[in-house]
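What follows is one structure encoded as structure tokens, with my remarks underneath.
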């Protein structure tokens, strides 16, 4: 009766939580996905002049997680942990509660299970999509609202199930198994809120990071930097020195998202599975105890043998207590083993991945895979890791329980049947056989070491040479032990099977080690998935490869694409007779320059601008941001200070900029010099000579300009792509518009 009530309580939790929350969140999740997809923008990588798809500018499919990008690892782990309860449903196939107790026919379970799986995936989609969306402000706001709703509903549902007042409930509140999920949802909600506020502050302050600045702060850049310049070795003291013996941190390595997520979920899932698996084992033990007591009472009551019934009842009670204690011991040991495996998995993953980064692509157990198999392994790795870890944990707990229960029954049997069992079997058979076997087997080592091996050639040698002495006696001794070792070989064969079984079962939760022999390690399908994931991870996230590709993109491809785009733009405008397609403009130069060259570029622009205005003062009023308004005129005072005043209003005004003063002084010199250069001719304000040029000290002799060239000057040395020092730099950064910054 107690078991049925306990199951009813569990059904209440699962049906309400899994059913109502999942079905109710589905429309909200779909709306969030559509909104994020509409605000997402695709990169316009089309060739100039190619056909454009209007839908690409309005809608872009958003992906929930990029497993090759190691940014936002903690939020992704929290998002996966928030969905861990539903992940357990996917593993154990508990779909019945999603339909509120409706008993579905057997043939339809797979169909409804597939439908529920898709629904769960859609419900959890906003957890990840709000992290990876490029429109961070809107995505973080929507993620905060969605996760806050989930958190509130979980609290209300758990409290509601607790307050229903069942007669016999579990010894713990129904909210306790959901504590890790609630913590993950709460922390993820705080993360979305914090990111929302942080982005608002950054936008208010105008803080932006370029792609190269973000790249140089990544672990790939640190790894490559340490390869080029070996860092000084860090000396650890105290508890850190003891910790480094087990795990030494590497500054150029961070664990990828694809390995942190399953490990994080495995820890949370063990906590949740323990609340289901431990009571299940105790209930089975109680069921066996009740059945055995009922059969014994029924049998001995018919015989009216109360004394024997009392003895059997006492023994069954002792066995029942021993089994319950054994189950608790097995539960604690299996949880400890599973938790200890997590850092070992991470440590081996780092060792294997860094060895591949160094060019050693062979694992301890050789696995040869095709490219498609490696990609499939990367797809299956996360799911396989969680499933293998949880099933291995349960198998390990059952196996440890069998071992501990066996030892318990041996002790109890020795107490119950001391004379017939302990004395006759253990003392007379087991103990002497074990002692004799150990003495015979280890005596061979002692005899060989002291009688048949030669001494060390040098006292500093680690071992004696592999050479024999007393060869005749050794051959006689080997003949005697030939038959003896056949007998004891059977014992060691059994021990080999037992030890191999124990090690294989204990290593079941670990996906990073094959449980098969090295020669047939590729037959371990789970380990093959692990190896395929490693190969794929190395192919896509090798630091040297990533840095090389980024440098190629920012130093070669991106400037080349910019130049092609500019050439296409100039070719179009040249056909329309707008500008000279052979002459780059300020905007063109600025868009193709790097941020490292930016200060020099601004000085270059300002110098040429001042030089042009000095030689062509009439261009001042034609500038976009002219310092002199059309209704104003310039007056030069006797002390050489230039002012501009409103026409017809006297000499009132304010000081001009220094380069404008220089323009005015130069203008007086030009007027007094009749043999001036053609570049300093005075074109009218309304009709500027299109052939107007600027003479540099290193400029070539003057050559006439094409008639369709209307640029105000010809910048010597800038039209050629190979002669331009500005375009020959490395790197590519986003530059602010130079329309105002390059203005003197």
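The values are calculated or read from the model by the stated rules, or taken from the named source; none is laboratory data. The structure presented is a predicted model; accordingly, all values stated were derived computationally and were not measured. For neighbour counting, all protein chains shown are included, and Cβ atoms are generated from backbone atoms with ideal geometry for every residue, glycine included.
Assess whether residue 278 counts as being in contact with a helix residue (DSSP H, G or I) (Cβ under 6 Å, 6 or more places away or on another chain), surrounded by 13 or more Cβ atoms within 10 Å (Cβ to Cβ), modelled with pLDDT of 85 or more and not assigned by TED's automatic domain parsing to the domain that holds residue 83.
On the way: in contact with a helix residue (DSSP H, G or I) (Cβ under 6 Å, 6 or more places away or on another chain): yes; surrounded by 13 or more Cβ atoms within 10 Å (Cβ to Cβ): yes; modelled with pLDDT of 85 or more: yes; not assigned by TED's automatic domain parsing to the domain that holds residue 83: yes.
Spelling it out, residue 278 is indeed in contact with a helix residue (DSSP H, G or I) (Cβ under 6 Å, 6 or more places away or on another chain), surrounded by 13 or more Cβ atoms within 10 Å (Cβ to Cβ), modelled with pLDDT of 85 or more and not assigned by TED's automatic domain parsing to the domain that holds residue 83.
So for the stretch 369-378 (the condition being surrounded by 12 or more Cβ atoms within 10 Å (Cβ to Cβ) and over 25 Å from the mean Cα position of the chain (by Cα)), does at least one residue qualify?
Scanning the stretch 369-378, I find no residue that is surrounded by 12 or more Cβ atoms within 10 Å (Cβ to Cβ) and over 25 Å from the mean Cα position of the chain (by Cα), so the answer is no.
Inside the stretch 444-488, can you point out the residues that are surrounded by 10 or more Cβ atoms within 10 Å (Cβ to Cβ) and under 30 Å from residue 403 (Cα atoms)?
Matches in the stretch 444-488: 485, 487, 488.
Look at residue 251 and say whether it is within 30 Å of residue 358 (Cα to Cα), surrounded by fewer than 18 Cβ atoms within 10 Å (Cβ to Cβ) and in contact with a helix residue (DSSP H, G or I) (Cβ under 6 Å, 6 or more places away or on another chain).
yes
In the list 284, 292, which residue meets the criterion of being surrounded by fewer than 16 Cβ atoms within 10 Å (Cβ to Cβ), touching a helix residue (DSSP H, G or I) at 6+ places or on another chain (Cβ under 7 Å) and either free of Cβ contacts under 8 Å to residues at least 40 places away in the same chain or not in a helix (DSSP H, G or I) (or both)?
Result of the check over 284, 292: 292.
Do you know which residues across the stretch 228-241 are assigned to a helix (DSSP H, G or I) and surrounded by 10 or more Cβ atoms within 10 Å (Cβ to Cβ)?
240, 241 - these are the residues of the stretch 228-241 that are assigned to a helix (DSSP H, G or I) and surrounded by 10 or more Cβ atoms within 10 Å (Cβ to Cβ).
Tell me the residue from 577, 532, 521 that is closer than 30 Å to residue 393 by Cα and modelled with pLDDT under 70, please. Break it down into steps so the answer makes sense when it comes.
Values: 577 fails: closer than 30 Å to residue 393 by Cα; 532 fails: modelled with pLDDT under 70.
Residue meeting the stated conditions: 521.
I need the full set of residues from the stretch 302-317 which are in contact with a helix residue (DSSP H, G or I) (Cβ under 8 Å, 6 or more places away or on another chain) and either closer than 16 Å to residue 291 by Cβ or surrounded by 13 or more Cβ atoms within 10 Å (Cβ to Cβ) (or both), in order please.
As a first pass, look at the stretch 302-317 and keep what is in contact with a helix residue (DSSP H, G or I) (Cβ under 8 Å, 6 or more places away or on another chain): 306, 308-309, 312-313, 315-316.
Listed by number, the residues that qualify are 309, 312, 313, 315, 316.
Considering each residue of the stretch 379-402, count those that are touching a residue at least 12 places away in the same chain (Cβ under 8 Å) and more than 23 Å from residue 276 (Cβ to Cβ), and give that number.
2
Within the stretch 503-537, work out how many residues are touching a residue at least 24 places away in the same chain (Cβ under 8 Å), assigned to a helix (DSSP H, G or I) and out of contact with any helix residue (DSSP H, G or I) (no Cβ under 7 Å at 6 or more places or on another chain).
Adding up the residues that qualify gives 1.
Can you find a residue that is modelled with pLDDT of 50 or more, in contact with a helix residue (DSSP H, G or I) (Cβ under 6 Å, 6 or more places away or on another chain) and closer than 23 Å to residue 128 by Cβ anywhere in the stretch 9-18?
Within the stretch 9-18 (the criterion being modelled with pLDDT of 50 or more, in contact with a helix residue (DSSP H, G or I) (Cβ under 6 Å, 6 or more places away or on another chain) and closer than 23 Å to residue 128 by Cβ), the answer is yes, since at least one residue qualifies.
Have a look at 292, 333, 260 and point out the one that is closer than 30 Å to residue 229 by Cβ and at pLDDT 85 or above.
That would be 260, the only listed residue that is closer than 30 Å to residue 229 by Cβ and at pLDDT 85 or above.
Out of 366, 405, which single residue is in a helix (DSSP H, G or I) and surrounded by 11 or more Cβ atoms within 10 Å (Cβ to Cβ)? Explain how you work it out, then say what you get.
Details: 366 fails: in a helix (DSSP H, G or I).
None of the other options fit; the residue is 405.
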